[in-house]
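**Q** Below you will find the structure I want to go over with you.
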């Protein structure tokens, strides 16, 4: 992407939720600034603001405890977006041996339809490519057509259905994937 500047995290920067320090160049270690928006990993001090976005975005939001548990997982990473010091969106994902799995993405309602969700997805895809991952995957509620369109616009395709995937209401999930392997991009 043009116009992006990647900056190594200062040694005295607050640590992300993960127990072990992350690679200075992975998604928990970079700060990027573009067009007035800055991107950085989530830290504990962000949790209240993130939870406000989460609750406003989903009928069945993750709990703060679930966020904290997510970051105890060694392969878990996060990227959040700030504009003028205000958190406006975030994505959580796992770095797996041959791919990346997106777990949660949300944008503050007054900042939706401005390309922030798309930029977060692009950041995850860039991280996957940098790590030579062959695929980015996710699950999305069958009823969430807006999110499905966003993922499709980034190149994801539906790959299946997980019946009663969501334990809160039993809704099915549509599985989606973006193949990054050279043979998949013909």
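**Q** Please pick out the residue among 120, 126, 150 that is surrounded by fewer than 17 Cβ atoms within 10 Å (Cβ to Cβ) and outside any strand (DSSP E or B).
**A** From the options 120, 126, 150, the qualifying one is 126.
**Q** In region 94-109, how many are outside any loop (DSSP other than H, G, I, E, B) and without any contact (Cβ under 8 Å) to a residue 12 or more places away in the chain?
**A** 0
**Q** Related question: Go through (1) out of contact with any helix residue (DSSP H, G or I) (no Cβ under 9 Å at 6 or more places or on another chain); (2) more than 16 Å from residue 92 (Cβ to Cβ); (3) not in a helix (DSSP H, G or I) one by one and return the number of the condition residue 137 breaks.
**A** Of the numbered conditions (1) out of contact with any helix residue (DSSP H, G or I) (no Cβ under 9 Å at 6 or more places or on another chain); (2) more than 16 Å from residue 92 (Cβ to Cβ); (3) not in a helix (DSSP H, G or I), the odd one out for residue 137 is (2).
**Q** Select, from 91, 73, 50, 81, the only residue that is part of a helix (DSSP H, G or I) and without any contact (Cβ under 8 Å) to a residue 60 or more places away in the chain.
**A** 50
**Q** Report whether or not residue 106 is under 9 Å from the mean Cα position of the chain (by Cα) and within 18 Å of residue 152 (Cα to Cα).
**A** Criteria met by residue 106.
**Q** Ok, one more. In contact with a strand residue (DSSP E or B) (Cβ under 7 Å, 6 or more places away or on another chain), modelled with pLDDT under 90, surrounded by fewer than 16 Cβ atoms within 10 Å (Cβ to Cβ) and over 21 Å from residue 129 (Cβ atoms): is that true of residue 36 in this structure?
**A** Criteria met by residue 36.
**Q** Is one or more of the residues making up region 43-51 exposed (fewer than 13 other Cβ atoms within 10 Å of the Cβ), under 29 Å from residue 142 (Cα atoms) and at pLDDT below 95?
**A** The answer is no, given that none of the residues of region 43-51 is exposed (fewer than 13 other Cβ atoms within 10 Å of the Cβ), under 29 Å from residue 142 (Cα atoms) and at pLDDT below 95.
**Q** Now for a separate question. It is to be established whether one or more residues within region 159-170 are within 12 Å of the chain's Cα centre (by Cα), on the phi < 0 side of the Ramachandran plot and surrounded by fewer than 18 Cβ atoms within 10 Å (Cβ to Cβ).
**A** Within region 159-170, not a single residue is within 12 Å of the chain's Cα centre (by Cα), on the phi < 0 side of the Ramachandran plot and surrounded by fewer than 18 Cβ atoms within 10 Å (Cβ to Cβ).
**Q** Within region 57-65, is even one residue out of contact with any strand residue (DSSP E or B) (no Cβ under 8 Å at 6 or more places or on another chain), under 20 Å from residue 88 (Cβ atoms), at pLDDT 75 or above and assigned to a helix (DSSP H, G or I)?
**A** Yes, because at least one residue in region 57-65 is out of contact with any strand residue (DSSP E or B) (no Cβ under 8 Å at 6 or more places or on another chain), under 20 Å from residue 88 (Cβ atoms), at pLDDT 75 or above and assigned to a helix (DSSP H, G or I).
**Q** Going by the structure shown, is residue 7 in contact with a strand residue (DSSP E or B) (Cβ under 7 Å, 6 or more places away or on another chain), at pLDDT below 55 and either over 30 Å from residue 181 (Cα atoms) or assigned to a strand (DSSP E or B) (or both)?
**A** So residue 7 passes the test.
**Q** Return the total of residues in region 173-186 being assigned to a loop (DSSP other than H, G, I, E, B) and modelled with pLDDT of 95 or more.
**A** Residues that pass the stated criteria total 0.
The values are calculated or read from the model by the stated rules, or taken from the named source; none is laboratory data. Since the structure is predicted, the reported quantities are computational estimates derived from the model, not experimental observations. Here Cβ is always computed from backbone atoms with ideal geometry, including for glycine, and neighbour counts include all displayed protein chains.
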